[in-house]
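Nothing in this text is a laboratory measurement; each read-out follows from the coordinates by a stated rule. Fair warning: this is a prediction, and the values are worked out from it, not measured in the lab. Please note: Cβ atoms are built from the backbone with ideal geometry, for glycine as well, and neighbour counts cover all protein chains shown.
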Amino acid sequence: MATEFTKFTPYVPKKGEEYMSAKQLGHFRKILEGWKGELSEDIDGTIHAMQEDATLFADPNDRASQESDMALELRNRDRERKLIKKIDETIAKIDNGDYGYCEGCGVEIGLKRLEARPTATLCIDCKTLDEFRERQVAR
């Protein structure tokens, strides 16, 4: 899976700079679009590789191994496809002016958290509560 999106220069806000200023929004848009591009390239590469590697093995074990590898690869690409959808939704939030604020309580999510997880929709407190509730339901 692509993780190259982590190769960016962290944003250092200027003294007195407003949260989610145009520069900050541009910074996160660049991160998200770069990440989306890398994921798209991975998906395209997988399709081409699967077409080229489609070999019919005479041995049933080799065939089963190939099918298992392809199934795993397709599951990974499906996860990446869902992530691309989430990235698109996040870019739409930037366009709407809603990016960077918690969907749970409305407070600022924070630049460091957004750089660690650019698609975050909850502040750390709301996310912690959400995870706690999930653990309680799972019991």
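Filter the stretch 56-76 down to the residues that are of a type in the set (A, V, I, L, M) and under 23 Å from the mean Cα position of the chain (by Cα), then identify the one that is nearest to residue 39 (Cα to Cα).
Out of the qualifying residues, it is 74.
Please state which of the following conditions residue 111 fails to meet, knowing it meets all the rest: (1) crowded, with 17+ Cβ neighbours inside 10 Å; (2) more than 18 Å from residue 10 (Cα to Cα).
(2)
What pairs come out if I take residues in the stretch 17-33 that are under 16 Å from residue 88 (Cβ atoms) and without any contact (Cβ under 8 Å) to a residue 60 or more places away in the chain and pair them with residues that are among the β-branched types (Val, Ile, Thr) and surrounded by 12 or more Cβ atoms within 10 Å (Cβ to Cβ) whose C-beta lies under 9 Å away, six or more apart or interchain?
Within 9 Å, the pairs are 33/87; 33/91.
From 91, 124, 109, which residue is under 30 Å from residue 45 (Cα atoms) and among the β-branched types (Val, Ile, Thr)?
91
So is residue 92 in a helix (DSSP H, G or I) and within 30 Å of residue 50 (Cα to Cα) or not?
Spelling it out, it is not the case that residue 92 is in a helix (DSSP H, G or I) and within 30 Å of residue 50 (Cα to Cα).
Restricting attention to the stretch 95-125, which residues are in a loop (DSSP other than H, G, I, E, B), under 24 Å from residue 37 (Cβ atoms) and under 17 Å from the mean Cα position of the chain (by Cα)?
Selection gives 99, 100, 109, 117, 118, 119, 120, 121.
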